[in-house]
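Novice: Next up is a structure, given as structure tokens.
Bear in mind these aren't lab numbers, they're just calculated from the coordinates by the rules spelled out. In this text, all values refer to a predicted model and were calculated from it rather than measured experimentally. We place every Cβ from the backbone using ideal geometry, glycine too, and count neighbours over all the protein chains shown.
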Amino acid sequence: MRQSLACQSAKAFQNIIKTKARRAALATPPLTEYVEFDKSDGTRLTMLPRTLNPSSTLRDKTQNSLELLLNTAGTLYQTVWESYLALKDIVDQQKGPPIPRHILEAVLRQCTPTWHALRYNAIQPATEYGALKRLQFPLPHEARLRSVLQYMRKSNQPPTEDDYHFILQQMAAVGHVGGASAVLEEMEATEGIQPSVKTFKYVLRACVFLLESPIPPEAESQVANSVNTLASRVAKRMQELNLELDTPIVGLMLRIFKEQQNTEACEHILRLACSFDVQRPDRLPEEFESRLKDADRRQLPLPVPVPITTSILTTLMNLYGSQGEIPKMITAFEVLTNPYPLPSNLPSPHSDWWDAEDEYDVASPVIQTPLKHRPEYIWEPPKSRPNTATFSTIILYLSWARQRMLCEHYMLLAEEYDKAESIRLRNELGKELKRLERVSSNTAPDQTPETPSLGLIEAPRIHITPHMFKPVFVYANQARLTELMRWMRQHLRGIIWRRQSDLDFFKKSYEVLPPSTIPPGAEVRRNSQHQLCKLSSTQPSQITNDTFQILTIVNLPMDQKSPSH
């Protein structure tokens with residue numbers, strides 16, 4: 001009896017469910033359902049539907065919500081893209097006015113991951129299969145960017161140069177050479193936009209990143225051909241447009257030629273743009289002199305040599321060192337960091353003294369005024385400043401070449417540069433703190449105290465690191481050079497004691513600084529194993545960049561008393 005009642009109850013319950021489902025199926029569903037967005041983080045509560053009979057009110061609400069998302073910090077790019085698609089469907093069905101330009105430009109810049117996210121994903125290690133897939137599809141969501149550009153052209157709102165620059169910047173983050181070439185062609189052929197130096201800079205950045213990334217062996221020839229084609233096209237197009245080479249363009253070209261081990265092309269660029277010839281470092285190169293005279297003859301602005309930056313200097317050290325051309329590497333470093341003194345005390349270049357035949361060889365005079373009728377134009381030999389990466393590169397290749405004397409020389413030179421930077425930083429910081437103390441003592445209690453101008457202090461460019469001297473340790477160990485080991489140990493002792501003194505000074509300076517100049521969340525931590533001082537902060541500050549460039553030194557065994565030297 002009880003079992004039959006239970007069966008009847010179950011059947012009745014099933015009938016009720018079926019009846020409700022049948023009624024729901026026969027009911028007419030609503031045509032539209034508008035969903036608001038969470039204003040806190042910009043994420044969707046539910047999916048935006050594709051409406052069949054949209055109204056003007058629905059379009060206004062959807063467009064306002066999309067603008068709210070675009071103006072909200074931290075909005076997910078997937079949310080922006082899906083909201084844009086919903087608005088685009090409504091506009092297409094209504095056949096009304098197109099989406100405004102400012103919304104399209106904002107969607108173009110927020111519908112894909114950021115530059116940093118793309119670069120972080122591109123530099124992650126991958127298997128050979130993953131590397132091949134990355135070469136085939138380097139830029140995720142590339143179709144979204146092209147779709148927005150296509151809608152701009154369709155709605156008579158052609159994309160601007162800034163829009164193309166953003167796309168090229170995204171492609172440069174992942175080394176998308178094929179996409180950069182297509183965008184460059186589309187700019188000129190479809191939109192008639194003349195590329196600028198900034199445009200070519202983004203294109204060359206894509207080439208450089210692709211060449212410097214790990215490439216599977218079977219794809220190396222294809223990558224090299226595509227980069228060569230695009231780089232040659234960029235150089236030819238810049239020459240046709242009479243665009244002057246600037247420092248970023250020259251640096252990117254040199255990095256491309258360095259990866260291809262094309263020394264001749266690198267030296268030609270240096271002679272043509274930077275007026276530097278490694279074969280004749282104290283003379284004006286013929287290529288630059290011909291440019292100078294041609295511009296003077298055509299009454300054009302005279303070309304100015306592109307300055308050789310620290311990045312270009314490090315690239316040259318990598319180029320010559322990787323090919324084993326140690327003499328050229330040493331020559332380029334010495335003449336750029338310590339240029340030849342000009343012979344101002346010698347007779348005039350037009351004097352007969354230079355034509356006199358003598359048993360001794362007489363060098364040709366240095367001509368600083370190549371244009372006789374324009375003495376105001378004076379040529380100066382190029383110069384540059386090294387940094388930590390420059391010395392690390394030189395010492396690395398000298399160690400590989402087993403040049404013991406040169407290794408010792410450049411280690412001592414790096415130590416001198418490091419000591420000079422330390423003295424300069426301590427003096428400038430000490431002067432600023434004394435000025436702050438003097439001003440604070442004369443400030444009334446009701447006045448706002450003056451903050452230190454630490455931004456005027458230049459950050460140190462050179463500091464000795466364990467990575468700098470590690471190749472010499474490896475070389476000495478392999479060659480069984482015990483004397484070199486002892487010599488390095490003695491000098492590293494002095495460096496450690498000097499660094500400890502600098503560390504104490506910077507810690508005292510940090511404690512003296514007013515609390516208003518210290519960023520929130522910053523703290524000084526001390527590691528007893530390596531005697532290391534760090535300043536950790538979530539946001540950049542003047543203190544972090546200018547005063548706390550503290551060195552991490554290898555933990556070598558040393559005595560408790562200071563070395564005699």
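Novice: Sorting 290, 384, 422, 155 on the 10 Å Cβ count, fewest up front, what's the list?
Specialist: Taking fewest neighbouring Cβ atoms as first place, the list is 290, 155, 422, 384.
Novice: Still on this structure: Assuming R0 = 30 Å, what is the FRET efficiency of residue 94 and residue 198, from their Cβ-Cβ distance, to the nearest 0.05?
Specialist: 0.20
Novice: Here's a follow-up. In 10 Å bins starting at 0, how do the alpha-carbon pair distances of the stretch 220-346 split up by percent?
Specialist: Reading the bins upward from 0: 11, 40, 33, 14, 2, 0.
Novice: Could you line up 84, 410, 377 from fewest to most neighbouring Cβ atoms inside 10 Å? Kindly include the intermediate steps, with their values, before the conclusion.
Specialist: Working: 84 26, 410 21, 377 14.
In order of increasing Cβ crowding within 10 Å: 377, 410, 84.
Novice: May I pose another question? Evaluate E = 1/(1 + (r/R0)^6) for residue 483 and residue 186, where r is the Cβ-Cβ distance and R0 equals 45 Å; express this FRET efficiency to the nearest 0.05.
Specialist: The calculated FRET efficiency here is 0.10.
Novice: Please give the net charge around residue 399, taking every other residue with its beta carbon less than 14 angstrom from that of residue 399, where Lys and Arg add +1 and Asp and Glu add -1.
Specialist: +2
Novice: Using a cut-off of 13 Å between beta-carbons, work out the net charge of the residues near residue 213 (Lys and Arg +1, Asp and Glu -1, residue 213 not included).
Specialist: Combined, the nearby Lys, Arg, Asp and Glu give +1.
Novice: Find the Rg to Rh ratio for the stretch 81-182, where Rh is the Kirkwood radius over alpha-carbon pairs and Rg uses the same atoms.
Specialist: Rounded to two decimals, Rg over Rh is 1.04.
Novice: Each residue of the stretch 372-383 in order: what ³J(HN,Hα) in whole Hz does its phi give by Karplus 6.51 cos²θ - 1.76 cosθ + 1.60, θ = phi - 60°, with x for Gly and Pro?
Specialist: Listing the rounded values in order: 5, 7, 10, x, 6, 7, 10, 8, 10, x, x, 9 Hz.
Novice: Run the quick spin-label model on residue 64 and residue 226: label points 7 Å from Cα toward the beta carbon, then report their separation in nm to one decimal.
Specialist: With each label point 7 Å from Cα toward Cβ, the separation is 4.7 nm.
Novice: Arrange 379, 487 by Cβ neighbour counts within 10 Å, fewest through most, would you?
Specialist: Working: 379 19, 487 16.
With the fewest neighbours first, 379, 487 line up as 487, 379.
Novice: Work out how much length residue 400 to residue 268 would gain on full extension: take 0.36 nm times their residue separation and subtract the Cα-Cα distance, in nm to one decimal.
Specialist: Numbers: separation 132, 0.36 × 132 = 47.52 nm, distance 2.74 nm.
Result: 44.8 nm gained on full extension.
Novice: Find out how many positive minus negative residues lie around residue 283, taking Lys and Arg as positive, Asp and Glu as negative, among other residues whose Cβ is under 10 Å from that of residue 283.
Specialist: Here the charged neighbours net out to -3.
Novice: If you don't mind, another one. As a quick test, which of the pairs 419/507; 236/328; 88/133; 419/508; 198/258; 383/434 have an alpha carbon distance above 25 angstrom in this structure?
Specialist: Among 419/507; 236/328; 88/133; 419/508; 198/258; 383/434, the Cα-Cα distance tops 25 Å for 236/328; 88/133; 383/434.
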